Amino acid sequence: MRERAGVLQPTRKLIRGAKPKMAPTEITWADFEKVELRVGTVTAVEEFPEARKPAYKLWIDFGAELGVRKSSAQITVHYSRAELIGRQVIAVVNFPKKQVGPFQSEVLVTGFADADGAIVLAQPERRVPNGAKLV
């Protein structure tokens with residue numbers, strides 16, 4: 001609380017890295033349908049020392065239709081390499097490939113920033129088949 005003109009007013013403390021509240025950009029159902037969010041299981045994880053920010057190289061199995069795809073993910077704060085193996089994650093699979101240093105990232109693993117800005121993975125609440133699409 002801060003005092004202004006003799007009246008106590010609440011202060012707004014922004015989380016580091018957070019932006020002031022703004023209305024979300026509206027999209028159409030057709031726009032949403034263009035984004036392919038799929039579930040895959042992490043099958044391999046390597047350190048990524050060449051990355052500018054701490055990251056892992058992930059290999060994720062999206063099932064027979066999509067196969068194994070690679071991703072670079074800045075998730076080293078909350079996850080060890082060992083605990084990522086076998087974990088299902090949700091990823092955008094239809095973005096263009098992105099070159100990250102010497103590594104080509106093929107999918108974008110999704111997550112949410114915690115209060116300190118570290119990423120917490122988005123994942124299904126129960127196991128689902130690899131390659132399942134968010135509907």
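None of the figures in this text is laboratory data; all of them are computed from the coordinates on show. As the structure is a prediction and not an experimental result, all values here were calculated from the model. For neighbour counting, all protein chains shown are included, and Cβ atoms are generated from backbone atoms with ideal geometry for every residue, glycine included.
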Listed pairs K70/K98; K21/K97; K34/K133; K70/K97 exceeding 20 Å between Cα atoms: K21/K97
In the neighborhood of V107, defined by Cβ-to-Cβ distances under 14 Å, what is the net charge if each Lys or Arg adds +1 and each Asp or Glu adds -1? +3
Write down the Å³ per residue value for the convex hull defined by the alpha carbon atoms of the range 63-113. 106
Suppose we flag GluC sites (Glu not before Pro) only when DSSP calls them loop and at most 15 other Cβ atoms lie within 10 Å. Which is the longest uninterrupted stretch of the chain? 51-124
Could you please state, rounded to a whole Å, how far the C-alpha centre of the range 29-70 is from the C-alpha centre of the range 112-134? 11
For S72, S80, order by how many other beta-carbon atoms lie within 10 Å, fewest first: S80, S72
Ranked I85, I60, I75, I119, criterion: other C-beta atoms within 10 Å, fewest first: I85, I119, I75, I60
Compute, for the chain, the length of the dipole vector about the Cα centre, with Cβ point charges of +1 (Lys, Arg) and -1 (Asp, Glu) only. Units Debye, rounded to 20. 460
Can you put L58, L121 in order, fewest other beta carbons within 10 Å first? L121, L58
So how long is each side of the range 27-121 along the principal axes, counting just the alpha-carbon atoms, biggest first, in Å? 38, 34, 25
Charge dipole (the chain, unit charges on Cβ, about Cα centre) - positive-most of P124, A23, G111: A23
Please go through the range 22-52 and write out the trypsin sites (Lys or Arg not before Pro) that DSSP classes as loop and that have at most 14 other C-beta atoms within 10 Å. R52
